[in-house]
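**Student:** One structure, pasted below without further comment.
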Ligand SMILES: O=P(O)(O)OC[C@H]1O[C@H](O)[C@H](O)[C@@H](O)[C@@H]1O
């Protein structure tokens, strides 16, 4: 058993949460609940009043955070202590957005200076490419960028580029290739012109099979389209922490943008991994995004726990997972530009907190990271929201919406907002049996039919949600929002005492994948594995069923 579940505070939370009244009565009893349970920071407003929580719940949660040394763990991360113990690494994505004058020493080196130098290298490159000074092999300016990478070297750049579409400078277009399935790169290359296409190969390790294979195919395509070997430097650049391997692979040393092993892949969009973003929105906007993230870092580091947005959100998530049996959490973005964000948060949280042992190797006896999923509102309302309202699973929700649209058109935004707020209200208050029956009093149904239908119309309510609002979606507010979720993830991992920064599960999949690859290309049928794996491998070798 872990010390966490043996603590008196944990046990008190178990008892306390069972006895909480329905949220409807919490709202009826306190007309100031919205004012009392909302906060703002870094251009974001958080309404957390629609949570199953009273003052006592919060004070027990804060006590749990205190007892698990949350504050000193936050400081340890920002100070560059080796908190990723299984990989013997510091975790310093916060240094990527530190103010230039800040000093963060790691192994005797001020890493903020290294970050600044790389940002200057990025700025020069972005300027050269978007001004047209950087020429392709026939002297034409670059029009299209193909970003090749996967996981953290893909999702961040892709989703942030999508989110900041209104800020594109219009000088370049960008395409993302991640999957090793040849159909992905083939479909992209079909519409591109080698003379005006630039490939940005992003891989922290420079060892990821999908990215290496896609880059080799891109290079072959470039050479078959008329490019020569000595033109490659004009069309291929790389972002990696493994500069030696990138040079060995054939990338010109001048075209390599460094990153560092103290940046986790899923936390890397703030580094040169964000180069495709900077190429699309310009370096100033990219720096504004870092500024927004830095503001959230300072808030996380300095605000008291009771007003600390990532702490509050992390504690609520833990509350539902550990004390109300929730196994998933839904993120609903009421903004078309933010439609990719749930997938980004999914990788961030599930790769970080999908763990089963504490730092000292003890098997956990509580739930860790939930399944994170979601999509854009209002689309989800016509699909999976049904299960949120009336299904048997408890699924806490985050609603995210800018108050002002980038495209103010007729009644669109007011309708969007009404749906967003209406959903949070319906989830919270539900509809009881008497109300359902009352709604049908004028109908032509018989009394028995009304009773039956009323039973189907009952919605239990008491379904928790947070609502996050911002004035407008900008590079700065997006930076703050993403950093908010990064730290929310950290808070839970810290209280559970797990390592949120390794990913051994993914590593095993990669290793076994390589082993299977050898067997698929061997001369003889596979016999050494389990019968299912042997059977599948041999069927693939045969090429038909
Ligand atoms: O950037 P790379 O080294 O190519 O790694 C790409 C991705 O590989 C793995 O799947 C990891 O789990 C991810 O966290 C990482 O972002």
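**Student:** Can you put 317, 328 in order of Cβ neighbours within 10 angstrom, beginning with the fewest?
**Tutor:** Fewest to most other Cβ atoms nearby, the residues stand as 328, 317.
**Student:** When the chain is fully extended, how far beyond the present Cα-Cα distance does residue 7 get from residue 32, taking 0.36 nm per residue of separation?
**Tutor:** Here the answer is 5.7 nm.
**Student:** Also, quick follow-up: Hey, with R₀ at 60 Å, roughly what FRET efficiency would residue 248 and residue 418 work out to, going by the Cβ-Cβ distance, to 0.05? Present the calculation step by step, with values, prior to reporting the outcome.
**Tutor:** On the way: r = 57 Å, r/R0 = 0.96.
Efficiency for this residue pair is about 0.55.
**Student:** Another question about this same structure. Kirkwood hydrodynamic radius, computed over distinct alpha-carbon pairs, for the chain: how many Å, to one decimal?
**Tutor:** Hydrodynamic radius (Kirkwood, Cα pairs) of the chain is 25.5 Å.
**Student:** Counting other beta carbons within 10 Å of each residue's own, what order do 24, 519 fall into, fewest first?
**Tutor:** 24, 519
**Student:** Taking the Cα-to-Cβ direction at residue 359 and at residue 527 and moving 7 Å from each Cα, how far apart do the two end points lie in nm?
**Tutor:** Inter-label distance under the simple model: 5.0 nm.
**Student:** Right, next: I'd like the distance between the alpha-carbon centres of the stretch 323-343 and the stretch 18-95, rounded to an integer number of Å.
**Tutor:** Centre-to-centre distance over Cα atoms comes out at 18 Å.
**Student:** Here's something else I'd like to know. How many percent of DSSP beta bridges within the chain run antiparallel, rounded to 5?
**Tutor:** Expressed as a percentage, antiparallel bridges in the chain total about 30.
**Student:** What does the extension gain come out to for residue 55 and residue 440, with contour length at 0.36 nm per residue minus their alpha carbon separation?
**Tutor:** 134.8 nm
**Student:** Listing 72, 405, 521 from the residue with the fewest other Cβ atoms within 10 Å to the one with the most, what is the order? Don't skip to the answer; put the middle values down first.
**Tutor:** Values: 72 11, 405 19, 521 8.
Ascending Cβ contact count within 10 Å gives the list 521, 72, 405.
**Student:** Shifting gears a bit: Expressed as a whole number of Å, what is the distance separating the alpha-carbon centroids of the stretch 275-296 and the stretch 427-455?
**Tutor:** Value for the Cα centre distance between the two parts: 52 Å.
**Student:** Also, I was wondering about something else. Please check which bits of the stretch 195-232 a label hung off residue 169 would reach, taking the label as a point 7 Å along Cα-to-C-beta and the cut-off as backbone N under 17 Å.
**Tutor:** Only 197-200 fall inside the zone, counting backbone N under 17 Å.
**Student:** Shifting gears a bit: For residue 336 and residue 71 in the same chain, what is the full-extension length gain: residue separation times 0.36 nm, less their Cα-Cα distance, in nm?
**Tutor:** Roughly 91.8 nm would be gained on extension.
**Student:** Expressed in whole Å with the largest first, what are the equivalent ellipsoid semi-axes of the stretch 385-457 derived from the C-alpha gyration tensor as the square root of 5 times each eigenvalue?
**Tutor:** Semi-axis lengths for the stretch 385-457 are 32, 17, 8 Å.
**Student:** Follow-up question, since we're still on this one. Starting from the Cα of residue 384, move 7 Å in the Cα-to-Cβ direction to define the label point; list residues of the stretch 298-332 whose amide nitrogen is under 11 Å from there.
**Tutor:** Within reach of a label on residue 384, which here means backbone N under 11 Å from a point 7 Å along Cα→Cβ, the stretch 298-332 contributes 328-332.
**Student:** Let me ask something else. Need one number: nm distance between label points at residue 261 and residue 25, each 7 Å from Cα along Cα→Cβ, rounded to one decimal.
**Tutor:** Distance between the two pseudo-spin positions: 5.7 nm.
**Student:** Let me ask you something else. Under the Kirkwood approximation applied to all pairs of distinct alpha-carbon atoms, what is the hydrodynamic radius of the stretch 482-545 in Å?
**Tutor:** Mean inverse Cα-Cα distance, inverted, gives 14.8 Å.
None of the figures in this text is laboratory data; all of them are computed from the coordinates on show. No experiment lies behind these values; they were computed from the predicted model shown. Glycine gets a Cβ as well: all are built from the backbone with ideal geometry, and neighbour counts include every protein chain shown.
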